[in-house]
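K.L.:
Dropping the structure in here first, questions after.
Any read-out appearing in this document is the output of simple, stated calculations on the displayed coordinates, not a laboratory observation. Keep in mind the model is a prediction, meaning the values are calculated, not measured. Every residue, glycine among them, receives a Cβ derived from its backbone with ideal geometry; neighbour counts consider all protein chains shown.
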Amino acid sequence: MDFTDKRYSFEAGEHRGRKVIFIRFEKDNKLIAYLRSQVKARWSASQRAWYVTNNRHHRQLFCMEASIVGKDVLNKIHIVNMPAFNRFQEQLKLKAYSENTMRTYSIEFAQLLYVLKAYPVESLTPEKLRSYFLYCIQTLKLSESGIHSRINAVKFYFEQVLHRERMFFDIPRPKKPQTLPKMLNKSEIKQIMSAVENKKHKLILKLCYGMGLRVSEVVGLKVTDIDSSTMLVRIEQAKGKKDRLVTLPKSVLDDLRAYYLEYRPKIYLFEGQNGGQYSIRSVQAVFKSAMLKAGIKKRIGIHGLRHSYATHLIETGTDIRFIQQLLGHKSIKTTEIYTHVTDISKSNIKSPLDLL
């Protein structure tokens, strides 16, 4: 179906408190049948239009430009600084940043503009910026990672949009606390998998752990990414916009085939009720529910499955450079952190007390 045809119009809006895309066109029975069966669109009598959930899949399907931030963010920015904000977003797009990065940077930069109100952002001096970041630390009590995120966004505006040199030379960045990644042991992994009965949910968690995937990567998997003949899975445009190959665990092959025969996914391996990829929040909820059912009280998110995958590979003697490639890490230093949390080497160390 060609949605670039000018006979169709698409408009973002709200329906019964949900963000949706309204689809308007002259009566076309063929299109209506397609929208009902393939897109899972619904009819709104009050709007006299068909509609679907406003998500990335549908925006891509209808060739709509993704909105980086919503109206609630834009409405708080003074008209004096709107041109600066628009230029900021245009530059992010030109640099081809990911959607998540564009959204994060835009929201962080908007926080500065809220404070400035009618004061032009381009008139800020390094001293005024220093005072602003002190305000963020002392008054707003932002965390170290929050300060880093805000500095990066404001730095991007002055250096990449206005092309000013070294605007942040005199602004020291707070040190991030060095924390070890949270992980689960093998026994806990087994308990979690045993606690999940739904085939789809269990397979999602198995792939997260069994291939060390980020949650965004598991929901982004397409049916065509799985190659059972080579037992390899293609992870497309992951973090850093890099493709990589990971090994498909042999133990999930039967589960994968049974799942496919029952659910018949069309494009994405895991699809939502209205088509398109399964939501990240749904996967996070599946993991949280599995943790509760398994009776595991560790404070850990689904990303802990990826950490556990890397740690368990190191414990079995897998070469760290191979693990780096599987995880898609740019630097080996990122992977090396898992050598500090393995149990196998530490458990062999004897305390001097035991030698007395």
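K.L.:
For a protection proxy built on the mean count of beta-carbon atoms within 10 angstrom, sort 214-221, 16-23, 294-301 highest first, please. Before the final figure, lay out each step's value.
P.N.:
On the way: 214-221: 21.1, 16-23: 15.1, 294-301: 12.8.
Put in order of decreasing packing, that is 214-221, 16-23, 294-301.
K.L.:
Next up: What Kirkwood radius, in Å to one decimal, follows from the Cα pairs of the stretch 71-161?
P.N.:
Roughly 13.4 Å, rounded to one decimal.
K.L.:
Over the stretch 186-346, what number does the Rg to Rh ratio reach, with both radii from the alpha-carbon atoms and Rh per Kirkwood? Mind showing how you got there, number by number?
P.N.:
Working: Rg = 15.5 Å, Rh = 16.3 Å.
My calculation of the ratio gives 0.95.
K.L.:
For the chain, set up a Gaussian network in which alpha carbons nearer than 10 Å are linked by springs, and say which option among R234, R257, R150 fluctuates the most.
P.N.:
Between R234, R257, R150, it is R257 that shows the largest mean-square fluctuation.
K.L.:
Could I ask something else about it? Kirkwood hydrodynamic radius for the stretch 9-61: how many Å is it when counted over pairs of different Cα atoms?
P.N.:
On the way: mean 1/r = 0.0891 Å⁻¹.
Its Kirkwood hydrodynamic radius stands at 11.2 Å.
K.L.:
List, in the order given, every pair from K200/K239; K190/K298; K222/K288; K199/K250; K206/K293 whose Cα-Cα distance in the structure shown is over 19 Å.
P.N.:
Listed pairs above 19 Å: K200/K239; K222/K288.
K.L.:
Run the quick spin-label model on L94 and S282: label points 7 Å from Cα toward the beta carbon, then report their separation in nm to one decimal.
P.N.:
Distance between label points: 3.9 nm.
K.L.:
What is the extension gain from S216 to C63, computed as 0.36 nm multiplied by their sequence separation minus the C-alpha to C-alpha distance, in nm to one decimal?
P.N.:
Contour length minus Cα-Cα distance gives 52.9 nm.
K.L.:
Still on this model: For R164 paired with T139, estimate the spin-label separation in nm (one decimal), with each label point 7 Å from Cα along the Cα-to-Cβ line.
P.N.:
With each label point 7 Å from Cα toward Cβ, the separation is 2.0 nm.
K.L.:
Check which residues have an amide H placed less than 5 Å from A49's amide H, if you skip close sequence neighbours.
P.N.:
Here the answer is S44, since their amide H atoms fall under 5 Å of that of A49.
K.L.:
Still on this structure: Can you give the FRET efficiency for K27 and R130, using 1/(1 + (r/R0)^6), R0 = 45 Å, r = Cβ-Cβ distance, to the nearest 0.05? Walk me through the intermediate numbers first.
P.N.:
Values: r = 62 Å, r/R0 = 1.37.
The pair K27/R130 has a calculated efficiency of 0.15.
K.L.:
When all C-alpha to C-alpha distances in the chain are sorted into bins of 10 Å, what percent of pairs does each bin hold, rounded to whole numbers?
P.N.:
The calculated distribution, bin by bin, is 4, 18, 24, 25, 19, 8, 1, 0, 0.
K.L.:
Could I ask something else about it? Could you tell me the relative contact order of the stretch 71-161? Use alpha-carbon pairs under 8 Å, at least six residues apart, and round to a whole percent. Present the calculation step by step, with values, prior to reporting the outcome.
P.N.:
Numbers: 57 pairs, mean separation 35.8, N = 91.
Contact order relative to length: 39 percent.
K.L.:
Over the chain, with a Gaussian network built from C-alpha contacts below 10 Å, which listed residue (E122, E26, E11) shows the highest mean-square fluctuation?
P.N.:
E26
K.L.:
Ranked highest first by average number of other Cβ atoms within 10 Å, how do 48-58, 97-107 line up?
P.N.:
Details: 48-58: 18.7, 97-107: 16.5.
Going by the mean number of other Cβ atoms within 10 Å, highest first, we get 48-58, 97-107.
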